[in-house]
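Student: Below: one structure in structure tokens.
Values in this text are rule-based calculations from the coordinates and carry no lab data. It should be emphasised that the depicted structure is a prediction, and the values quoted were computed from it without experimental measurement. When we count neighbours, we look across all protein chains shown, and the Cβ atoms used for this are built from the backbone with ideal geometry, even at glycine.
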Amino acid sequence: MSYLVAENLEQALTMLQEAGKGSRIIAGATDLFLQELPANLIDINAVPEMLVISETEYSLEIGAAVTHTAASQSSLICAKATALAEASAQVGSPQIRNIGTIGGNVVNAAPAADAAVALVALGAKAVIINSKKIMREEPVENLYRHYNQSTIESGKEMIIKFMIENNAGILGSAFLRFAARQSLCLPMVNAAAWVNIENDLLKEVRLVLAPVKPAPTRLKETEKRLIGAPLTAETWRLAGDAATEEVTVRGSLLRCSAQYRRHLVGVLAERVIAKAVKAACERKEGEQR
């Protein structure tokens with residue numbers, strides 16, 4: 001097995017093209033030994049283009065090799081993509097967060113990966129490039145083929161960065177998870193929400209729950225029912241009830257029964273919508289000071 005370390009994006013693409021079949025892009029590689037080892041590993045952990053956290057007029061841009069620790073501590077992400085900062089702070093353990101990356105959390109394609117759930121709620125798009133230097137953009141929610149199977153072919157292409165659109169309005173986002181313990185444990189349910197408020201009503205909503213399907217799942221029917229709703233406890237309860245009705249969940253001998261997971265979906269949906277609205281209102285107050 002060969003282990004190659006790329007110093008820049010151009011070099012990484014050249015290595016990917018030359019290594020050919022049996023190669024794989026890695027960064028944190030925290031889940032590598034849970035899978036079949038490839039013939040060639042290409043480490044992109046030091047590629048500058050994939051470590052950037054920056055903001056343009058149109059979007060917040062987060063490099064695919066940004067670690068969970070860096071994301072959770074970034075003042076820009078905390079302010080503009082709160083759900084991602086909160087989710088990244090709860091991934092694994094401190095050791096995992098120090099080397100695990102945002103891009104790896106998506107490409108690994110676990111249905112309840114914390115950072116991926118937040119990215120879907122934030123409406124993030126992935127910028128992907130292949131070994132022939134052809135680039136494309138895809139919504140993060142479209143990068144899942146099946147349970148633990150990504151549409152990204154890590155022997156042929158890689159995610160460079162994620163882009164979260166700068167929307168106008170009173171915006172807020174939040175993330176919550178429920179697990180048997182606070183760290184080193186997969187969640188029974190996790191949830192993320194993004195809201196846009198206008199005239200003390202919910203103008204736009206994205207609500208994501210997992211594990212519901214092979215990918216972090218937007219509850220679009222619940223979102224529709226919340227549009228135009230006032231910022232009240234009754235609306236939070238509506239979110240919980242509607243989410244419980246909409247989802248189809250399965251139980252697990254290792255984590256929890258389907259009945260308990262459905263209950264948790266309702267509880268977390270209610271709480272995460274309320275938390276996202278609170279974040280939006282606090283952000284508005286801060287901007288007015």
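Student: Could you list which residues have their amide H under 5 Å from that of SER23, counting only those 5 or more apart in sequence or on another chain, with H placed in the peptide plane?
Tutor: Here the answer is ASN40, since their amide H atoms fall under 5 Å of that of SER23.
Student: Taking the square root of 5 times each eigenvalue of the Cα gyration tensor, what semi-axes in Å does the equivalent ellipsoid of the stretch 144-215 have, largest first? Don't jump to the answer; show the numbers that get you there.
Tutor: Details: eigenvalues 151, 85, 25 Å².
Ellipsoid half-lengths, sorted descending, are 28, 21, 11 Å.
Student: How much net charge surrounds LEU32 when only the other residues with a Cβ under 14 Å from the Cβ of LEU32 are counted, with Lys and Arg +1 and Asp and Glu -1? Mind showing how you got there, number by number?
Tutor: On the way: positive: ARG24; negative: ASP31, GLU36, ASP43.
Summing Lys/Arg as +1 and Asp/Glu as -1 gives -2.
Student: Sticking with this structure for a sec: Hey, what did the stretch 110-263 get for relative contact order, percent, Cα under 8 Å, at least 6 apart?
Tutor: Numbers: 287 pairs, mean separation 33.4, N = 154.
The normalised contact order for the stretch 110-263 reaches 22 percent.
Student: Taking amide hydrogens as modeled 1.01 Å from N in the peptide plane, which residues meet the under 5 Å criterion relative to SER252, leaving out close sequence neighbours?
Tutor: The list, which skips near neighbours in sequence, is SER257, ALA258.
Student: Could I ask something else about it? Does anyone have the angle between helix 9-19 and the longest principal axis of the chain? Alpha-carbon axes, 0 to 90°, nearest 10?
Tutor: 60
Student: Using θ = phi - 60° and the Karplus curve 6.51 cos²θ - 1.76 cosθ + 1.60, what whole-Hz ³J(HN,Hα) does each residue of the stretch 261-272 get, with Gly and Pro shown as x?
Tutor: 5, 4, 4, 5, 4, x, 5, 6, 4, 4, 6, 6
Student: How long are the semi-axes of the ellipsoid equivalent to the chain, from square roots of 5 times the Cα gyration tensor eigenvalues, in whole Å, largest first?
Tutor: For the chain, the ellipsoid semi-axes come out as 33, 22, 15 Å.
Student: With +1 on the Cβ of every Lys and Arg and -1 on the Cβ of every Asp and Glu, and nothing else charged, how large is the dipole of the stretch 64-217 about its Cα centre, in debye rounded to the nearest 20?
Tutor: Values: 14 positive and 11 negative charges, 85 e Å.
Charge dipole of the stretch 64-217: 400 debye, to the nearest 20.
Student: Helix 233-246 sits at what angle to the longest principal axis of the chain, using alpha carbons and giving 0 to 90 degrees rounded to 10?
Tutor: Result, in degrees: 50.
Student: Something else about it: Arrange the peptides 56-67, 275-286 so that the one whose residues have, on average, the most other Cβ atoms within 10 Å appears first. Walk me through the intermediate numbers first.
Tutor: Values: 56-67: 19.7, 275-286: 17.6.
So the order, starting with the most tightly packed, is 56-67, 275-286.
Student: How do 169-179, 91-101 rank on mean C-beta neighbours within 10 Å, highest first? Provide the component values of the computation, followed by the final result.
Tutor: Working: 169-179: 21.5, 91-101: 18.1.
Listed from highest to lowest mean packing, they are 169-179, 91-101.
Student: Hey, in the GNM for the chain with a 10 angstrom Cα cutoff, which one of ASN108, ASN167, ASN196 fluctuates hardest?
Tutor: Between ASN108, ASN167, ASN196, it is ASN167 that shows the largest mean-square fluctuation.
Student: Shifting gears a bit: Among THR222, ALA180, ALA242, whose Cα projects farthest towards the positive end of the dipole of the stretch 170-288, with charges put on the beta-carbon of Lys, Arg (+1) and Asp, Glu (-1)?
Tutor: ALA180
Student: Sort out for me the Cα centre separation of the stretch 151-183 from the stretch 221-289, rounded to whole Å.
Tutor: Each part reduced to its Cα centre gives a spacing of 18 Å.
Student: Could you give each residue of the stretch 77-92 its phi-based ³J(HN,Hα) in whole Hz, using Karplus coefficients 6.51, -1.76, 1.60 with θ = phi - 60°, and x for Gly or Pro?
Tutor: 5, 4, 7, 9, 9, 3, 4, 5, 4, 5, 5, 4, 5, 10, 6, x
Student: So what is the 222 nm mean residue ellipticity for the chain from helices alone, if each DSSP H run of at least 4 adds -39500 (n - 2.57) and you divide by all residues, rounding to the nearest 500 deg cm²/dmol? Could you put the intermediate results ahead of the total?
Tutor: On the way: 10 runs with 102 residues, N = 289.
The helix-only estimate for the chain comes to -10500 deg cm²/dmol at 222 nm.
Student: For the chain, set up a GNM with springs between Cα atoms under 10 Å and report which of ILE164, ILE102, ILE134 has the largest fluctuation.
Tutor: ILE134
Student: Ratio to report: Rg/Rh of the stretch 12-64, with Cα atoms as the point set and Rh obtained by the Kirkwood method; give two decimals. Intermediate values should be presented prior to the final figure.
Tutor: Numbers: Rg = 14.0 Å, Rh = 12.8 Å.
Rg/Rh for the stretch 12-64 comes to 1.09.
Student: Let's see if you can work this out: charge +1 on each Lys and Arg Cβ, -1 on each Asp and Glu Cβ, no other charges. What is the dipole magnitude of the stretch 12-76 about its Cα centre, in debye to the nearest 20? All intermediate terms of the calculation are to be shown ahead of the outcome.
Tutor: On the way: 2 positive and 8 negative charges, 48 e Å.
Magnitude of the dipole: close to 240 debye.
Student: In sequence order, what are the phi-derived ³J(HN,Hα) couplings for the stretch 210-216 according to the Karplus relation 6.51 cos²θ - 1.76 cosθ + 1.60 with θ = phi - 60°, rounded to whole Hz, with x for glycine and proline?
Tutor: Whole-Hz 3J(HN,Hα) from phi for the stretch 210-216: 7, x, 10, 10, x, 10, x.
Student: State to the nearest 20 debye the size of the charge dipole of the chain about its Cα centre, where the only charges are +1 on K and R beta carbons and -1 on D and E beta carbons.
Tutor: Values: 31 positive and 31 negative charges, 157 e Å.
Here the chain has a charge dipole of around 760 debye.
Student: Which residue, GLU204, GLU223, GLU36, tops the fluctuation ranking in a GNM of the chain built on C-alpha contacts under 10 Å?
Tutor: Per the Cα network of the chain with a 10 Å cutoff, GLU36 tops the list.
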